[in-house]
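Trainee: Right, I'll just put the structure down here and ask away after.
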Amino acid sequence: MSDRHVVCTHCGGVNRLPEQRTALDGKCGKCGAKLFEGHAADVGGELFDKQLARSSVPVLVDVWAPWCGPCRAMAPAYEQAARELEPQVRLIKLNSDNEQQIAARLGIQGIPTMILFENGRERARTSGAMPAQQIVRWVRQHLPA
C-alpha cells in the first residue's frame, strides 16, 4: 500500500494520507482545514499548478467565468458532483478571466470546459454544461476502476 498525496485547497500544503486512513477524516497538517469538504474550491493559478504537480488524487477542473450563463447554470451540478466524487477525485474551479495565462496554456476555447487530470496529465476533456449525474458518469468512465 502506498500513501496518497493530497494538496489542501485552503493553504496549498501537501499532505500524505496512508491508504488505510479514511480520506474524508483527513485534515491539513499545515492549516488544520478538512482536506475534503464535498465542495469544489475556486483556486488561483499557483494552487492550480500545485494540485496538478503534487496530488496523487485525480483532479477535475471546471474552467469557467462569472459572466458565462451556462457556467453559472452548471455550478450547482458541479457542487453536487463534488459531494459524490470526493475523496476519490478532487474537484476545483478555475476562473478563466482571472487566470487567462493558464486558460491559454490549457487551450481553452469555450466555457464551461471540464478537464480531468491524473498524475498531472490530462486524461479527458469536455465542453458544455452538464447535470450532476452526467458529470459523475463522465468522470468515472475516464478513470480506472
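Derivation of every value follows stated rules applied to the coordinates shown; laboratory data play no part. Quick caveat, the model's predicted, so the values are computed rather than measured. Here the Cβ is made from the backbone with ideal geometry for all residues, glycine too, and neighbour counts use every protein chain on show.
Trainee: May I ask you to order 6-15, 130-139 by the average number of other C-beta atoms within 10 Å around their residues, highest value first? If you can, show how the numbers build up before the last one.
Mentor: Values: 6-15: 19.7, 130-139: 17.1.
Result, highest mean Cβ count within 10 Å first: 6-15, 130-139.
Trainee: Taking R0 as 22 Å, what's the FRET efficiency between ARG123 and ALA53 from their Cβ-Cβ distance, rounded to 0.05?
Mentor: 0.90
Trainee: Just to be sure I understand the model, the point goes 7 Å from the Cα along the line to the Cβ. What's the resulting ALA65 to ARG16 distance in nm?
Mentor: Each label point lies 7 Å from its Cα, and together they span 4.3 nm.
Trainee: Sticking with this structure for a sec: For the chain, take the longest principal axis of its alpha carbons; what is the angle in degrees between that and the long axis of helix 69-85, to the nearest 10 within 0 to 90?
Mentor: 20 degrees
Trainee: Which shape class applies to the range 34-89: rounded if a/c is under 1.5, otherwise prolate when a/b exceeds b/c and oblate if not, where a ≥ b ≥ c are the square roots of the Cα gyration tensor eigenvalues?
Mentor: Working: a/c = 2.39, a/b = 1.30, b/c = 1.83.
Note, shape of the range 34-89 comes out oblate.
Trainee: Could you tell me how many degrees, from 0 to 90 and to the nearest 10, lie between the Cα long axis of helix 45-54 and the main elongation axis, the longest principal axis, of the Cα atoms of the chain?
Mentor: For helix 45-54, the angle is close to 50 degrees.
Trainee: Sort 65-76, 43-54 for me by packing, meaning the mean count of neighbouring Cβ atoms within 10 Å per residue, highest on top. Please list the in-between numbers first.
Mentor: Values: 65-76: 14.3, 43-54: 16.8.
Final packing ranking: 43-54, 65-76.
Trainee: Next up: Kindly provide the Kirkwood hydrodynamic radius of the chain in Å, to one decimal, from all pairs of distinct alpha carbon atoms. Intermediate values should be presented prior to the final figure.
Mentor: On the way: mean 1/r = 0.0657 Å⁻¹.
Across the chain, the inverse of the average 1/r is 15.2 Å.
Trainee: Give me the angle, in degrees from 0 to 90, between the Cα long axis of helix 132-142 and the longest principal axis of the Cα atoms of the chain, rounded to the nearest 10.
Mentor: 70 degrees
Trainee: To continue, here is another question. Assuming 0.36 nm per residue, please report the length gained on full extension of the stretch ASP25 to ARG137 beyond their Cα-Cα distance. Spell out each step's value before the answer.
Mentor: Numbers: separation 112, 0.36 × 112 = 40.32 nm, distance 2.51 nm.
Taking 0.36 nm per residue and subtracting the Cα distance, the gain is 37.8 nm.
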